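Reading through the structure tokens given below for one structure.
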Amino acid sequence: MSMKRKVIITVESRMGSTRLPGKCDLPILNTTTTGILIERLKQVRNADGIVVATTVNPKDDVLEERAKQFGVGCFRGSEEDVMSRVIGAGESAKADVIVEVTGDCLLLDPKLLEQGIELFLGSNVDVVTNVMDGKVSYPQGMDVQVFPLRLLKEAYPHASEDQREHVSLYFYQNPKKYRIQFMEAGGQHRLPNWRLMLDYEQDYRLLKAVFEKIYSQKKDFGLDDVIATIQADSALLKLAEATYDR
């Protein structure tokens, strides 16, 4: 009988965003953006823990406090070398499997993460993802990335500076080395042009409004609820379909 593998969600989070400074601790409902993301991730039933992977920059002290407030782990490492930070976060929790989440995916559907974890644990693949090197079918911000900590550590010495900044990019840019399972969106979930991530002030207005409309009635809302809420409001739909210079 095989041993159960420990699945840890790592949340890459820092206050030093240039496009929206302090975005990981902006107010939303009665908490903050990081706080509400942690609450959402706690709903993932087949994960064994959560670690906020932030930096040693004093600006990020608030994120360590937020992790303590919500009863999850925290690891602090390099600001630029995010790959090493995620490795450290995984090691701090004795993870076998990493579920990589970025701090700007506030609306990420816990059920979608559960599906990704289940697919990874039940199949003979190295990586399960729905955001393979620019290939997207779900709304942006519904990102699923699941892989063994062991493979990330093995990849690290070979990764470029850009790949270390984007953590799992090394896997996607070396597809012949890895068995990668891509999760394709179907039906009404296929909205790759929708922005449901937190990068700009406009994104914040959208995400905040969606939470205010749904969260008090249904804390465990999913992607279907998000789509219905946005499609029912022309102003929110305009924000979701917006494109920005990068």
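The values are calculated or read from the model by the stated rules, or taken from the named source; none is laboratory data. Keep in mind it's a predicted model, so treat the numbers as computed, not measured. Cβ: placed from backbone, ideal geometry, glycine included. Neighbour counts: every protein chain shown. All accessible areas refer to the heavy atoms of the entire protein, side chains included, with ligands and DNA or RNA removed. Shrake-Rupley method; radii C 1.70, N 1.55, O 1.52, S 1.80 Å.
With all projection directions averaged, the alpha carbon convex hull of the chain covers 13.0 nm².
With the biggest extent put first, the Cα atoms of region 91-190 measure 40, 27, 26 Å across the principal axes. Annotation: region 122-246 has a Kirkwood hydrodynamic radius of 16.3 angstrom, from the mean reciprocal C-alpha pair distance.
Amide H contacts under 5 Å for Gly77: Thr54, Thr55, Val56, restricted to partners 5 or more places along the chain or on a different chain, H placed in the peptide plane at 1.01 Å from N.
Measuring only protein heavy atoms, the 1.4 Å probe finds Glu184 accessible over about 90 Å².
Modelled spin-label separation between Ala235 and Leu119, with each label point placed 7 Å from Cα along the Cα-to-Cβ direction: 3.6 nm.
Leu113 contributes about 0 Å² of solvent-accessible surface, heavy atoms of the protein only, 1.4 Å probe.
In the chain, Cα pairs under 8 Å separated by at least six residues give a relative contact order of 20 percent.
Projecting the Cα positions of Ala235, Pro192, Tyr204 onto the charge dipole of region 167-246 (unit charges on Cβ atoms of Lys, Arg, Asp and Glu, taken about the Cα centre) puts Pro192 furthest along the positive direction.
In what order, largest first, do Ser92, Ser137, Ser123 sit by accessible area if the probe radius is 1.4 Å? Mind dumping the intermediate values first?
Working: Ser92 65, Ser137 0, Ser123 40 Å².
These residues rank, largest area first, as Ser92, Ser123, Ser137.
Pairs exceeding 20 Å between alpha-carbon atoms, taken from Lys59/Lys94; Lys23/Lys59; Lys94/Lys219; Lys153/Lys177: Lys59/Lys94; Lys94/Lys219. Taking the Cα centre of the chain as origin and assigning +1 to Lys and Arg Cβ atoms and -1 to Asp and Glu Cβ atoms, the resulting dipole is close to 500 debye.
In the chain, carbon and sulfur make up what percent of the accessible area (probe 1.4 Å)? Reported share for carbon and sulfur atoms: 49 percent. For Val136, the accessible area of its heavy atoms, probed at 1.4 Å with every protein chain present, is near 50 square angstrom.
Hey, could you get me the Stokes-Einstein D for region 1-138, Kirkwood radius over alpha-carbon pairs, 10 °C and 1.306 mPa s, rounded to whole µm² s⁻¹? Show your work: numbers first, answer last.
Values: Rh = 15.4 Å.
So the translational diffusion coefficient is about 103 µm²/s.
Placing a pseudo-label 7 Å from each Cα along the Cα-to-Cβ vector at Lys177 and Glu91 gives an inter-label distance of 1.9 nm. Farthest toward the positive end of the dipole of region 155-246, out of Gln163, Val226, Ser216, is the Cα of Gln163, where the dipole comes from beta carbon charges about the Cα centre. Taken per residue, the accessible surface of region 1-116 reaches 41 Å², heavy atoms only and a 1.4 Å probe.
Its residues counted as N, region 1-61 yields a C-alpha radius of gyration over 2.2 N^0.38 Å of 1.37. Were the residues from Lys135 through Tyr156 laid out at 0.36 nm apart, the gain over their Cα-Cα distance would be 5.3 nm.
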